[in-house]
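The values are calculated or read from the model by the stated rules, or taken from the named source; none is laboratory data. In this text, all values refer to a predicted model and were calculated from it rather than measured experimentally. Glycine gets a Cβ as well: all are built from the backbone with ideal geometry, and neighbour counts include every protein chain shown.
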Amino acid sequence: MNSRRSLVKYRGEECLNCGRSLEEEHKFCPNCGQLNSIKKLALGDFFSEFFSGLFAYDSRFIRTMRILLFKPGKISKDYIQGKRMRYVNPYRFFLTTAIIFFLIYGYDNSFEGINLNQEPEELAKELEKMNTENNVDIEFEGIPFTKLDSIIPPKPVKNKTYHDYLVTQEQIDTMSIADAFSTKINLFDHYFKETKNTVPVDAIKMLDLKNSAYNRWLYKKVIDFKLLRENPQLFLNYLIGKLPFIIFIFLPIFTLFLSLIYIRSKYNYMEHLTFAFHTQSMFFILYSVALIIDIFTKNSYGVNIANIIFIGYLYQGLRKFYAQGKFKTIVKFMILNIIFFTLAIIVGLISVFGSFAIF
């Protein structure tokens, strides 16, 4: 595609990229690989370079996809043995598949029949409807409990205000950490309900508490929690946006356990990580297809089938990459699955609480 730019008449005596001296026979710089050409840029050069790079990546992407799908473990072995030009970089391929997966996952954001994309008022009505449908009238002497309120006079209840929860900073300082936290949460919650004050500094001042960063943060979290309760989609979207980063942190930790399970193998940590990247990429590809199927069929058959396929794929990948027998692979496969789900729960909980803390 660079046929005109590579003509002999356009070749220079010095590489324009790295400054190395060049001869006329040098079509490319031996040092940095850049095309030896002093021809001025033309519009066609931009398109030429764009499409040459695109097709080069595209061919490697297709080859990587084909080998990854149908030959578990092979692509990792090839890459570690130095056969790298034919494949996409494992990390780059991982990022590409992750982006595609989370775009699809973000689209399919319904949960147990509830469409979280609805307006808060519509969502509240749907939840109320589900609650009504799930309620069963229990009778007492022929009278449904739901109608007992009209027979038994209600006890007079005094509505509490935030004034009933007021405490001084001195009182809070004498409490345990848990009691102080609970007291502040109750106070902030009732104060916000009554005043709708969204400015933490003003609220802390009105409540005559210490204007510390922690108190301001805690008051803001009370507001955020009420907001998320009314519109959970906000936090869900925020969390989905963080999932690639969460998985990026999770994989190196899991790879550490993988390297310990296969401590006698010939591979170092980075080579174990290469296998983990390829396996996780397969996970993203498989479940992307499954989610698309489920979106159109309105059921979870695709994901259920993907679960079975991925279990078999992971077993075959471990067997071929680490070249161990069936029994050893099965035992290590089971141990790795226990470790994987345990780590996933721990990292998931930390991520949810951490994400809410900085939301």
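When the range 193-210 is filtered for residues that are in a helix (DSSP H, G or I) and in contact with a helix residue (DSSP H, G or I) (Cβ under 6 Å, 6 or more places away or on another chain), the ones remaining, listed by number, are GLU194, PRO200, ALA203, ILE204.
Among all positions in the range 333-342, there is at least one residue which is within 30 Å of LYS221 (Cα to Cα) and either charged (D, E, K, R) or in the same structural domain as PHE245 (by TED's automatic domain parsing) (or both). Does LYS9 qualify as being at pLDDT 85 or above and either among the basic types (Lys, Arg) or surrounded by fewer than 16 Cβ atoms within 10 Å (Cβ to Cβ) (or both)? Here the answer is no, as LYS9 does not meet what is asked. Restricting attention to the range 81-102, the residues being crowded, with 19+ Cβ neighbours inside 10 Å, hydrophobic (A, V, I, L, M, F, W, C) and in contact with a Ser or Thr (Cβ under 7 Å, 6 or more places away or on another chain) number 4.
The set of residues from the range 68-79 being in contact with a helix residue (DSSP H, G or I) (Cβ under 9 Å, 6 or more places away or on another chain) and either modelled with pLDDT under 90 or not aliphatic (A, V, I, L, M) (or both) comprises LYS71, PRO72, GLY73, LYS74, SER76, LYS77, ASP78, TYR79.
Please work out if ALA323 is in the same structural domain as PHE101 (by TED's automatic domain parsing), touching a Ser or Thr at 6+ places or on another chain (Cβ under 9 Å) and surrounded by fewer than 16 Cβ atoms within 10 Å (Cβ to Cβ). So ALA323 fits the description; yes.
Cβ-Cβ distances below 9 Å connect the following pairs, each with a first residue in the range 331-346 that is exposed (fewer than 14 other Cβ atoms within 10 Å of the Cβ), a second residue that is not small (Gly, Ala, Ser), and a separation of six or more residues or different chains: ILE335/PHE257; ILE335/ILE261; ASN337/ILE311; ASN337/LEU314.
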